[in-house]
């Protein structure tokens, strides 16, 4: 299938009568727009705040929703409280205040708003630098808006944990397939301990990474499956991670928005084999391994590994990888990835900060991928035999 390559996404790229997603990833974080077959629209995460709060300019989700002309939202979901996933959601909920039918949140209670903000400051959640006031303000705005939305949506305000049906609408179901109850229990105990320390004037110890309790959503429509994996990590030590989804995700899942920017620690080989996806979508973190200067995901060798089983990988903002020297080492095969429709791997340098960068895909009820759209700098990778040289 030849992908479409517009400058930016529009309503026609998420056609009514299909199950469609648009994944934005401008170089840090991600935001996802879901369009259900009946035309209703939902949002999962938000990668950035708008530059103009009145018009929404600079927030790719807000801009696309305005082009679709959405009068209301079927749902809004935050997978976990890291700023590259929540940054735009507070303003989005402000814009659609009173016009959101369901709100789903990760397993952190809104009643601990102030404590959660301080908890994030002092524990350096996720291993990143202390958030600046703008980032913290965005989280506070989001929690306040979620609290307002809870009063409006009532029973449709839910915590997205494993094996919970969040939506059953127009022959489409959405389930949260992670995190595991045991992982949530440990995170909540950790939060309570930190709150107790703060109340008693102590500095909270480094806490549990919110990625360990990131929500993950499975969309089903007939034979079609789409997994929006958030940043949930695989099992390690006491952490159950993706193991909780082994029983709940049965059969093919044609499209996967890969967990934690396709990092090694988020990849569950057994689950990947069970799903056998035809398309994986990857958003880079902080421009990833750009020119070898960082170790942020995705890594080229991980992309090559994911391409092995008749799967293509779309990257919203391709890092400036200069070579694929680790491909053979990681795959054990004499093969090299190529960019579909581009002039070669490593020769294309994306424009950093392009908030329009996105991948959209539409499927029918039988699991057939009808359309793939690569907006802005997004690219599609496949694995092809390498020509042997002496």
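General remarks:
- Residues of segment 147-172 classified as farther than 11 Å from residue 102 by Cβ, in contact with a helix residue (DSSP H, G or I) (Cβ under 9 Å, 6 or more places away or on another chain) and modelled with pLDDT of 90 or more, total: 5
- Residue check for residue 90: in contact with a helix residue (DSSP H, G or I) (Cβ under 7 Å, 6 or more places away or on another chain), modelled with pLDDT of 90 or more and more than 30 Å from residue 224 (Cβ to Cβ): yes
- Filter pass, residue 165 being in contact with a strand residue (DSSP E or B) (Cβ under 6 Å, 6 or more places away or on another chain) and surrounded by fewer than 19 Cβ atoms within 10 Å (Cβ to Cβ): yes
- Scanning segment 31-58 for residues that are touching a strand residue (DSSP E or B) at 6+ places or on another chain (Cβ under 6 Å) and at pLDDT below 95 returns 46, 47.
- Index of the failed condition, residue 19 passing every other in (1) crowded, with 24+ Cβ neighbours inside 10 Å; (2) closer than 21 Å to residue 82 by Cα: (2)
- The helices (runs of 4 or more DSSP H) found entirely in segment 264-359 that carry 3 or more residues being within 19 Å of the chain's Cα centre (by Cα) and either at pLDDT 55 or above or buried (at least 21 other Cβ atoms within 10 Å of the Cβ) (or both) are 269-275, 300-306.
- Condition check for residue 29: touching a helix residue (DSSP H, G or I) at 6+ places or on another chain (Cβ under 7 Å) and in a loop (DSSP other than H, G, I, E, B): yes
- Residues in segment 169-203 that are out of contact with any strand residue (DSSP E or B) (no Cβ under 8 Å at 6 or more places or on another chain) and under 18 Å from residue 42 (Cα atoms) were compared, and the one that is surrounded by the fewest Cβ atoms within 10 Å (Cβ to Cβ) is 170.
- Matching residues in segment 33-82 - criterion: being assigned to a helix (DSSP H, G or I) and under 22 Å from residue 226 (Cα atoms): 60, 61, 64, 65, 68
The values are calculated or read from the model by the stated rules, or taken from the named source; none is laboratory data. Fair warning: this is a prediction, and the values are worked out from it, not measured in the lab. Positions of Cβ are backbone-derived with ideal geometry, glycine not excepted, and every protein chain shown enters the neighbour counts.
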